[in-house]
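One structure is given here, and the rest of the page talks about it.
What follows is calculated from the coordinates using simple rules that are stated; it is not laboratory data. Given the structure is predicted, the values throughout are model-derived calculations rather than measurements. All Cβ positions, even for glycine, are placed from backbone atoms using ideal geometry, and neighbour counts span all protein chains on display.
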Amino acid sequence: MNVSNLALQRAKRQLESFCVERSCPGDTLTCLLENDSLLLANNEQALVRLQLDGARWRIFWRRDKGQWEPWPHLPVCDDMQQVIEQLDQAPLHVHWSG
């Protein structure tokens, strides 16, 4: 397994914990692996995309019309824990319940 696959798997485990803590009955937050990206989805609708670019994560959120835009508060980061903290502070937690 190469370094980027290891980084993706490690980040996926961290994000899965994040999702479990923020899910509730009828409103499930999940982490999906898609190519070189991790998707955070609420009830199977992708909301946030984390794309591995070398050793850094590029963070995107999905607009109403489906296009992906850089996360305004932290578009690039090399520390997954910092990414999780940023997601946890999303304004009004608009992307997930809990």
(message) Between HIS73 and ASN2, what is the label-point separation in nm under the 7 Å Cα-to-beta-carbon projection?
(response) 3.3 nm
(message) Quick check: pseudo-label points 7 Å beyond the Cα along Cα→Cβ at ARG63 and GLN45, how many nm apart are they?
(response) 1.7 nm
(request) Please identify the longest segment of the chain free of exposed trypsin sites (Lys or Arg not before Pro), where exposed means a DSSP state other than H, G, I, E or B and no more than 11 other Cβ atoms within 10 Å. (result) 1-62
(message) Show me, for region 25-42, the HN-Hα J-couplings you get by feeding each phi into the Karplus relation (A = 6.51, B = -1.76, C = 1.60, θ = phi - 60°), rounded to Hz, glycine and proline as x.
(response) x, x, 9, 9, 9, 10, 10, 10, 8, 9, 6, 9, 10, 10, 10, 9, 10, 10
(request) Please give, to one decimal in nm, the separation of the simple spin-label points placed at GLU21 and ALA90, each 7 Å out from Cα toward the Cβ. (result) 1.5 nm
(message) Just to confirm a number: summing +1 for Lys and Arg and -1 for Asp and Glu over residues other than ALA46 whose beta-carbon lies under 14 angstrom from that of ALA46, what do you get?
(response) 0
(request) Could you pull out every residue, at least 5 positions away or on a different chain, whose amide H is within less than 5 Å of the one on ALA90? Hs are placed 1.01 Å off N in the peptide plane, and Pro or chain starts have none. (result) none
